[in-house]
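Working notes, beginning with the structure itself.
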Amino acid sequence: MKSYCQPDPKSSLRAALEISNADYLKELLFLLPGVKMKAPRKAELVDKLEQCLLSSFVEELWKRLDDLQQMAVRECIHDGEGRFETEGFQAKHGALPTFEEEGRSRYARGRPTLLRLFFYSEFKGGSNPDMIPDDLRERLLKFIPAPPKAKLEVLDELPKDSGVTKTIWKTITTDGNFLTEEEEVDYPLIQRLNEQAALQDLRTVLRLIEQEKIRVSAKTWRPAGASVQLLASLLYEGDYYDIEPPSDDSDPATGPIKCYSWPLLGQVAQLAKVSGSKLQLTKKGRAALSAAPEEILSEIWSDWLKTKKFDEFNRIDAIKGQSGRGRRNFTPASERRYIIERALSLCPTGKWVAIEEFSRFMRAAGFRFEVHLDPWKLYICEAQYGSLGYRGSHEWNILQERYLLCLLFEYAAPLGLIDLAYIRPDGARGDFRNMWGTDDLCYLSRYDGLRHFRLTPLGAYILGETDNWQGAKPKSETTLTVLPTRVIRHSSGLLAMDDLLQIENFAEKIGEGEWQLNEVSALKSIENGADVNQFRAFLEGYDPQPLPEKVESFLSDLDRKGRACVNKGTVYLIECDSVETADTIASNARTRKYCQRTGEKGLVVPVEKEKVFRSALNSIGFGMPLA
């Protein structure tokens with residue numbers, strides 16, 4: 001905590017009093033019980049107020065404050081900076097203290113209340129309103145107790161009425177005439193338990209990348225539309241919403257959420273890299289296939305917190321002005337993420353938390369952050385009239401809370417940190433409807449439907465709240481039968497999607513629940529990095545019987561053949577004018593270490609050795625024209 005033994009003279013009580021005018025100081029003097037001065041000068045007023053407020057007399061003044069005013073003083077002197085935070089105080093206590101009495105008219109300033117003896121608004125050179133001067137604060141700390149900590153209200157069960165009923169207008173045709181009718185649509189609350197989903201989705205995504213089935217933009221790293229559709233069909237329970245809008249167009253398409261984030265997460269964690277237009281597994285990504293999934297998920301979250309490549313707020317499509325000059329005014333996304341992570345770590349495991357309550361708790365407990373430093377640069381629909389700089393258009397619920405929703409919905413949930421309870425976004429929130437240009441918007445963000453979340457045991461482990469994760473790793477009842485004919489038959493239970501993808505690396509489907517080991521397919525997979533020994537262990541884990549001898553032999557030959565040739569890099573193919581010249585160059589002590597013979601008159605030289613080879617070639621009396 002900051003030391004107040006030697007207060008900064010610029011933030012002392014005397015400094016605050018001296019920059020106030022004499023009339024205001026007289027109003028403050030009037031608040032002191034039993035203290036009267038006849039026609040005092042300003043210097044005398046300053047001396048008297050300082051003398052009273054820095055003595056034991058101030059304790060009597062504090063006792064005269066009402067409960068809310070006392071709480072304002074308690075919050076500020078124990079805050080660390082002595083600053084009154086309006087938004088945080090109201091979020092914590094539900095109301096604001098009275099600093100001034102009501103004026104006689106809407107334009108007249110009201111008289112100061114007793115609270116103004118403690119708070120001063122205009123320090124020289126400062127821009128922090130309503131602060132308690134350092135020396136006064138040091139005096140108050142001797143007898144005023146610390147305020148209670150902010151509390152987070154949680155739920156054991158979700159409320160039963162968490163859904164929403166939306167009224168829509170439908171256009172119908174009757175005998176060539178167009179009519180409209182009103183219809184109410186119920187949007188029920190959807191629950192998604194993400195712990196097991198994350199464990200399976202991680203391996204599914206890695207297998208798809210292994211098979212080079214995920215296409216992304218080399219410039220933006222974002223997944224292509226076809227890859228989003230593929231992920232939606234293969235990830236556990238699909239995406240959180242349908243990727244495509246319903247056929248009757250009654251609701252807009254929200255677009256992908258976890259199908260969008262998984263390719264980004266894999267790249268940020270360096271599990272995958274872009275090669276052309278496809279993702280390829282890195283060495284780290286291949287090792288992740290056999291590593292403990294909870295450790296990999298934890299590393300992905302840690303890497304995402306630090307990344308500067310992406311800002312989640314860019315996904316709030318309705319808010320424009322995020323590029324160009326407006327881009328410079330965004331605060332670092334990593335700082336926002338760390339603040340939200342700290343607040344998230346205080347949530348009890350297994351308890352549901354309403355989004356509005358979590359947002360309130362963050363402000364009340366001091367987990368506040370900024371998204372953009374100049375909201376006038378952001379806008380909806382039109383830069384002038386739709387600017388977010390206007391009052392009510394850049395409040396916490398518009399900027400910070402929308403960012404919070406995106407981080408939780410699109411990144412924390414897919415990684416298994418939290419379970420979700422949500423509805424469709426359209427009609428879920430109406431807090432933006434008073435803003436210009438929002439008439440045609442169904443929602444401000446695709447994440448508006450998030451209602452509640454619950455920290456999972458896996459999430460508590462990833463956030464460092466527990467040392468071990470004893471997650472529910474269900475014992476698999478799935479069995480496979482591997483036949484001597486190299487046929488793999490699915491005998492019982494359910495195969496996870498990543499298991500099916502692993503089988504497809506080495507086998508070709510020949511029927512429902514049956515695959516035939518295929519050398520060509522397997523060799524291609526091995527070239528892409530698939531591990532034969534890992535596949536053997538997979539088969540042994542699902543088949544209670546030892547693998548047939550013919551299958552063991554096939555896998556051993558496959559492992560050898562798949563690694564029979566090694567790419568040693570790119571070379572130049574050089575043709576000499578005669579066999580004698582080729583023999584001379586290949587046998588000379590100066591040149592032979594940089595080249596090898598091929599064919600009758602040919603030499604091969606590694607690309608990286610071309611300069612030194614050319615120099616050695618010249619030294620023995622030969623030349624090679626530039627191509």
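The values are calculated or read from the model by the stated rules, or taken from the named source; none is laboratory data. The model shown is predicted, which means the values in this text are computed figures rather than measured ones. Note that each Cβ is placed from the backbone with ideal geometry, even for glycine, and that neighbours are counted across all protein chains shown.
Residues that are surrounded by fewer than 24 Cβ atoms within 10 Å (Cβ to Cβ) and among the hydrophobic types (A, V, I, L, M, F, W, C) within the range 451-474 comprise Ala460, Leu463, Trp469, Ala472, listed in sequence order. Please indicate, with yes or no, whether at least one residue in the range 330-337 is β-branched (Val, Ile, Thr), touching a residue at least 40 places away in the same chain (Cβ under 8 Å) and assigned by TED's automatic domain parsing to the domain that holds Leu417. Yes, because at least one residue in the range 330-337 is β-branched (Val, Ile, Thr), touching a residue at least 40 places away in the same chain (Cβ under 8 Å) and assigned by TED's automatic domain parsing to the domain that holds Leu417. Residues in the range 261-288 that are in contact with a Ser or Thr (Cβ under 7 Å, 6 or more places away or on another chain) and basic (Lys, Arg): Lys273 only.
Restricting the range 342-357 to residues that are closer than 18 Å to Trp396 by Cα and aliphatic (A, V, I, L, M) leaves a set whose member that is farthest from the chain's Cα centre (by Cα) is Ala354.
When the range 104-122 is filtered for residues that are assigned to a loop (DSSP other than H, G, I, E, B) and either modelled with pLDDT of 75 or more or touching a strand residue (DSSP E or B) at 6+ places or on another chain (Cβ under 7 Å) (or both), the ones remaining, listed by number, are Arg109, Gly110, Arg111, Thr113, Phe118, Phe119, Ser121. With respect to the conditions (1) of a type in the set (Ser, Thr, Tyr); (2) touching a helix residue (DSSP H, G or I) at 6+ places or on another chain (Cβ under 7 Å); (3) surrounded by fewer than 24 Cβ atoms within 10 Å (Cβ to Cβ), Ser445 lacks only one, and its number is (3).
Candidates in the range 572-627 are the residues that are touching a strand residue (DSSP E or B) at 6+ places or on another chain (Cβ under 6 Å) and of a type in the set (Val, Ile, Thr); of these, the one that is surrounded by the fewest Cβ atoms within 10 Å (Cβ to Cβ) is Val604.
A quick yes/no check of all residues on (1) loosely packed, with under 15 Cβ neighbours inside 10 Å; (2) free of Cβ contacts under 8 Å to residues at least 40 places away in the same chain:
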position	(1), (2)
Asp186	yes, yes
Leu189	no, no
Arg192	no, no
Glu195	no, no
Val205	no, no
Glu210	no, no
Gly225	yes, yes
Gln229	no, yes
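Do we have Val274 as under 24 Å from Arg446 (Cβ atoms) and not acidic (Asp, Glu) here? Considered against the rule, which asks whether it is under 24 Å from Arg446 (Cβ atoms) and not acidic (Asp, Glu), Val274 comes out as no.
Given the criterion over 36 Å from the mean Cα position of the chain (by Cα) and surrounded by fewer than 18 Cβ atoms within 10 Å (Cβ to Cβ), identify the matching residue among Arg41, Arg83.
Arg41
Determine whether the range 353-360 contains at least one residue that is buried (at least 20 other Cβ atoms within 10 Å of the Cβ), closer than 30 Å to Lys149 by Cβ and touching a Cys at 6+ places or on another chain (Cβ under 6 Å). Yes, the range 353-360 contains at least one residue that is buried (at least 20 other Cβ atoms within 10 Å of the Cβ), closer than 30 Å to Lys149 by Cβ and touching a Cys at 6+ places or on another chain (Cβ under 6 Å). For beta carbons closer than 8 Å, sequence separation of 6+ or different chains, a first residue in the range 558-583 that is in contact (Cβ under 8 Å) with a residue 24 or more places away in the chain and a second that is in a loop (DSSP other than H, G, I, E, B) and of a type outside the set (Val, Ile, Thr), the qualifying pairs are Ile574/Cys595; Ile574/Met624; Glu575/Lys601; Cys576/Lys601; Asp577/Lys601; Thr581/Lys601; Thr581/Phe622.
In the set (1) closer than 23 Å to Phe358 by Cα; (2) outside the structural domain of Ser445 (by TED's automatic domain parsing), Lys278 fails one condition alone, (1). In the range 429-437, is there at least one residue being surrounded by 18 or more Cβ atoms within 10 Å (Cβ to Cβ) and in contact (Cβ under 8 Å) with a residue 60 or more places away in the chain? No: the range 429-437 contains no residue that is surrounded by 18 or more Cβ atoms within 10 Å (Cβ to Cβ) and in contact (Cβ under 8 Å) with a residue 60 or more places away in the chain. Taking the numbered list (1) closer than 28 Å to Lys273 by Cα; (2) surrounded by 14 or more Cβ atoms within 10 Å (Cβ to Cβ); (3) among the hydrophobic types (A, V, I, L, M, F, W, C) in turn, Ala537 passes all entries but (2).
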